[in-house]
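Since the structure comes first, as structure tokens, the remarks are kept for the end.
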Amino acid sequence: MSLISPLQDAQSKEKRLRVIREHLEAFDVEPVFPLSVFEQAVVDLDNCLAVEPSCKVEGNTLFASRFTVSMKNWPRSIEQSLNFLDAVESRVGISVNRKLLEQFLAVHLNSNKIPASLFGIDLRPNIKDSSLKVHIHLAADQDCDELIMTAIALDQGSYSPEIMQVLLKDCFMIGFDFFLNGYSVLEFYTCCSGKEPLPVLGRRGAYLRSYIEKNFPKKKIISLVNESAALLVGFSKENTEPVLYFEFDRLEELKKSFLFNSLGERIYGFCQNNRPDGYISIGVTEKALEKNKLEEFRFYYRKIWV
């Protein structure tokens, strides 16, 4: 029995939609397909842990139609994610290749080691370059080797023994990305604590931390890890260079660690006036950090309801 009143439920749904609309308005985003489908899916959710808008900057180009929404209550959450994929695919000419996800769910749909999941979009001017996302969270207090091994087998990527250890021990989320041209990508998100140990990570982090210190010896990267609350690293056979996601407790800490180009300053200014909840994240590659000012990066912030 739900303890949430109809009024509270309506207010929560209105807040979700407002977060999306405020972000779109701030960055002059055109409401292209399937944005309206995503908005309706977010409003229809039984529960919502968080809405996470983000921007991707590539030099002078800004992609701001990027959102994910997190849900608890697995497997109900994946059911609602699949409903979203169905709604997008109902449009003539759109193909969503969800074969990898379906194969994973065939084995692990009823696993008690999956507490939550999320779905999202990353829209581009050319609809065929746009993508949908379904990411599956793994329990922090349990050994999830069999889930990760299934995903690695489906991915058919070639990972070194060192990275395999990182994936098996420190992976906290498995991501499935579906491009609207019919292509699909699988990504493994690993994590470790930054400046202080994070109890929420459980036993995770030691292998990733060792990998970073060995393979990213530059003082700047190690310094950023030690200044941040947490480091997330995404591994995929599609990316020759893993993406490093530095998470910070407070927005102001970003300015102590990064210099942004003009688009980054614009995003930062918006967040100053529209305070995020929880962590703020910057995703970069090692190569992007070689420049004095960030020109290629991802900027994430969150609005949370629990």
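Bear in mind these aren't lab numbers, they're just calculated from the coordinates by the rules spelled out. Because the structure is a prediction, the values reported are computed rather than measured. Quick reminder, even Gly has a Cβ in these numbers, built from the backbone with ideal geometry, and neighbours come from all protein chains shown.
Data overview
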quantity: Space enclosed by the convex hull of the alpha-carbon atoms of segment 74-119, per residue, Å³; calculated: 65 Å³
quantity: Which label in [x] 25; [y] 18; [z] 32 gives the computed percent of Cα pairs over 34 Å apart; calculated: [y]
quantity: Share antiparallel - DSSP beta bridges, the chain, percent rounded to 5; calculated: 95 percent
quantity: Lysines whose Cα lies under 27 Å from that of LYS128, excluding same-chain neighbours fewer than 8 positions away; calculated: LYS56, LYS99, LYS237
quantity: Karplus 3J(HN,Hα) series, Hz, for segment 243-258 with 6.51 cos²θ - 1.76 cosθ + 1.60 (x for Gly, Pro); calculated: 8, 9, 10, 9, 9, 10, 5, 10, 4, 4, 5, 4, 5, 7, 10, 9
quantity: Ellipticity estimate at 222 nm from DSSP helix runs (n ≥ 4, -39,500 (n - 2.57)) divided over the chain, nearest 500; calculated: -11000 deg cm²/dmol
quantity: Protection proxy ranking of 269-275, 126-132 - average other beta-carbon atoms within 10 Å, highest first; calculated: 126-132, 269-275
quantity: Euclidean distance of C-alpha centroids, segment 149-218 and segment 36-61, integer Å; calculated: 23 Å
quantity: Residues SER90, SER228, SER158, sorted so that the one with the fewest Cβ neighbours within 10 Å comes first; calculated: SER158, SER90, SER228
quantity: Straight-distance crosslink candidates among aspartates and glutamates, where the alpha carbon sits under 16 Å from LYS13 and sequence neighbours closer than 8 are dropped; calculated: GLU22, GLU39, ASP44, ASP46, GLU52
quantity: Ranked MET71, MET164, criterion: other C-beta atoms within 10 Å, fewest first; calculated: MET164, MET71
quantity: Burial ordering of PHE63, PHE176, PHE38, fewest other beta-carbon atoms within 10 Å first; calculated: PHE63, PHE38, PHE176
quantity: Cα pair distances of segment 139-298 binned at 5 Å [whole percent]; calculated: 2, 8, 17, 20, 18, 16, 11, 6, 1, 0
